[in-house]
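Some notes on the structure that comes next.
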Amino acid sequence: MTARLDGTAALITGASSGIGEATARVLAEQGAAVAIAARRRDRLERLATEIDHKGGRALVVEADVAAKQEAVMAVDRTVSDLGRLDILVNNAGVMLLGDMVSAPVEEWDRMIAVNVQGLLYATHAALPHLLDAAEDGPRRVADLVNVSSVAGRLATSGSGVYNLTKFGVGAVSEALRQEVGGRHVRVSLVEPGVVNTELRDHLRDEVREQVNRRFAGVEMLEPEDVAEAIGYIVTRPRRVAINELLIRPTEQSR
Ligand SMILES: NC(=O)c1ccc[n+]([C@@H]2O[C@H](COP(=O)([O-])OP(=O)(O)OC[C@H]3O[C@@H](n4cnc5c(N)ncnc54)[C@H](OP(=O)(O)O)[C@@H]3O)[C@@H](O)[C@H]2O)c1
């Protein structure tokens with residue numbers, strides 16, 4: 001593949017592991033300078049070193065996107081240090097499943113804070129820069145990629161508030177797509193099924209066991225599978241917008 005993102009800058013939230021980490025590698029390989037944001041600085045630094053060794057450019061941004069000023073700072077640092085912002089991948093997220101009746105409300109607060117508010121803060125701060133990039137950037141188009149989930153299309157028992165956050169991401173992505181598409185900012189929604197990442201590590205033990213039983217025998221997606229899909233979305237010609245991409249493991253039924 002030829003590098004299609006030369007001269008561009010991308011900010012990827014939740015880049016310290018899983019899908020975000022793999023996406024940073026893919027976009028860097030395509031020539032983008034990547035700002036990699038998350039809370040675990042050590043993991044980001046390791047990834048930045050790897051990208052640098054491969055001849056790419058990576059900027060480490062330690063940020064908790066659930067804190068408005070840190071989400072805004074992540075965008076500001078990308079623009080000040082990398083000179084521009086052409087692509088925002090809103091990937092940071094938490095999935096704290098379990099029946100609503102017995103759930104600690106703090107888990108709901110965290111999911112809403114990261115999956116919804118964090119995404120909105122980063123989006124609002126990024127939009128003026130994405131609009132600028134679409135007007136005079138090397139590609140004359142910009143990309144906002146929101147990582148939702150199959151859980152953003154299908155509600156299931158034990159996923160209620162996670163469903164709420166991801167359905168919300170789908171709704172706001174479609175509304176924003178209609179607002180800014182005419183100005184060549186493409187808004188894309190990516191909805192993975194189950195992916196082999198650290199996401200399930202944060203579940204309470206009994207919930208994790210339930211989830212593991214549900215997916216027993218299913219060969220999960222790897223983070224690279226989703227990262228490649230994101231790489232595909234952001235390397236389409238200016239006239240092509242991939243609005244929505246649902247990607248499940250072959251064996252996952254719902
Ligand atoms: N794995 C799946 O089965 C699956 C399926 C569908 C959708 N998704 C979605 O994919 C996205 C990525 O998840 P993943 O599967 O790659 O899981 P993961 O490996 O746990 O990655 C989650 C990332 O989000 C970051 N993050 C969490 N809270 C944050 C905060 N407050 N501020 C900044 N960064 C934060 C984490 O970094 P720090 O902890 O270092 O901050 C980490 O880099 C999520 O939006 C998730 O909902 C995953």
Legend entry - Positions within the stretch 207-237 being open to solvent by 80 Å² or more (accessible area, probe 1.4 Å) and either in a loop (DSSP other than H, G, I, E, B) or in contact (Cβ under 8 Å) with a residue 40 or more places away in the chain (or both), in sequence order: GLN210, GLU219, GLU224, GLU228
Legend entry - Yes/no for SER148 being out of contact with any Leu (no Cβ under 8 Å at 6 or more places or on another chain), among the polar types (S, T, N, Q) and either on the phi < 0 side of the Ramachandran plot or open to solvent by 30 Å² or more (accessible area, probe 1.4 Å) (or both): no
Inset, instruction - Can you give me the number of residues within the stretch 151-190 that are open to solvent by 10 Å² or more (accessible area, probe 1.4 Å), within 20 Å of ILE242 (Cα to Cα) and hydrophobic (A, V, I, L, M, F, W, C)? - result: 7
Legend entry - Subset of the stretch 174-207 [under 16 Å from the mean Cα position of the chain (by Cα), within 12 Å of the ligand (Cβ to nearest atom) and not small (Gly, Ala, Ser)]: LEU189, VAL190, GLU191, PRO192, VAL194, VAL195, ASN196, THR197, GLU198, LEU199
Inset, instruction - Looking only at the stretch 77-105, count how many residues are of a type in the set (A, V, I, L, M, F, W, C) and either within 13 Å of the ligand (Cβ to nearest atom) or buried (at least 21 other Cβ atoms within 10 Å of the Cβ) (or both). - result: 9
Legend entry - Subset of the stretch 51-66 [open to solvent by 70 Å² or more (accessible area, probe 1.4 Å) and either within 16 Å of the ligand (Cβ to nearest atom) or under 17 Å from the mean Cα position of the chain (by Cα) (or both)]: GLU62
Inset, instruction - Mind telling me which of the residues LEU59, LEU97 ends up being in contact with a Gly (Cβ under 9 Å, 6 or more places away or on another chain) and over 21 Å from ASP225 (Cα atoms)? - result: LEU97
Inset, instruction - Check whether at least one residue in the stretch 119-128 is within 14 Å of the ligand (Cβ to nearest atom) and either open to solvent by less than 10 Å² (accessible area, probe 1.4 Å) or over 16 Å from the mean Cα position of the chain (by Cα) (or both), and report yes or no. - result: yes
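With the stretch 88-187 as the region, which helices (runs of 4 or more DSSP H) entirely inside it contain at least 1 residues that are touching a residue at least 60 places away in the same chain (Cβ under 8 Å)?
Where helices (runs of 4 or more DSSP H) fall fully within the stretch 88-187 and carry at least 1 residues being touching a residue at least 60 places away in the same chain (Cβ under 8 Å), they are 119-136, 160-180.
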Inset, instruction - For VAL72, indicate whether it is closer than 19 Å to ARG41 by Cβ, at pLDDT 95 or above and open to solvent by less than 20 Å² (accessible area, probe 1.4 Å). - result: no
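Determine whether GLN210 is within 21 Å of MET95 (Cα to Cα), away from the ligand (no atom under 13 Å from the Cβ), over 15 Å from the mean Cα position of the chain (by Cα) and not hydrophobic (A, V, I, L, M, F, W, C).
Details: within 21 Å of MET95 (Cα to Cα): yes; away from the ligand (no atom under 13 Å from the Cβ): yes; over 15 Å from the mean Cα position of the chain (by Cα): yes; not hydrophobic (A, V, I, L, M, F, W, C): yes.
Spelling it out, GLN210 is indeed within 21 Å of MET95 (Cα to Cα), away from the ligand (no atom under 13 Å from the Cβ), over 15 Å from the mean Cα position of the chain (by Cα) and not hydrophobic (A, V, I, L, M, F, W, C).
Consider the stretch 1-41. How many of its residues are among the small types (Gly, Ala, Ser) and within 14 Å of the ligand (Cβ to nearest atom)? Quick ask: steps written out before the conclusion?
From the stretch 1-41, those among the small types (Gly, Ala, Ser) are 3, 7, 9-10, 14-18, 20, 22, 24, 28, 31-33, 35, 37-38; that's our starting set.
In the following step, the residues that additionally are within 14 Å of the ligand (Cβ to nearest atom) were identified as 14-18, 20, 22, 24, 35, 37-38.
Matching residues across the stretch 1-41 total 11.
The values are calculated or read from the model by the stated rules, or taken from the named source; none is laboratory data. All figures in this text were calculated on a predicted structure; none of them were measured in a lab. Don't worry about glycine lacking a Cβ; one is built from the backbone with ideal geometry, like all the others, and counts go over all protein chains shown. Side chains included, ligands, DNA and RNA excluded: accessible areas come from the protein's heavy atoms. Shrake-Rupley method; radii C 1.70, N 1.55, O 1.52, S 1.80 Å.
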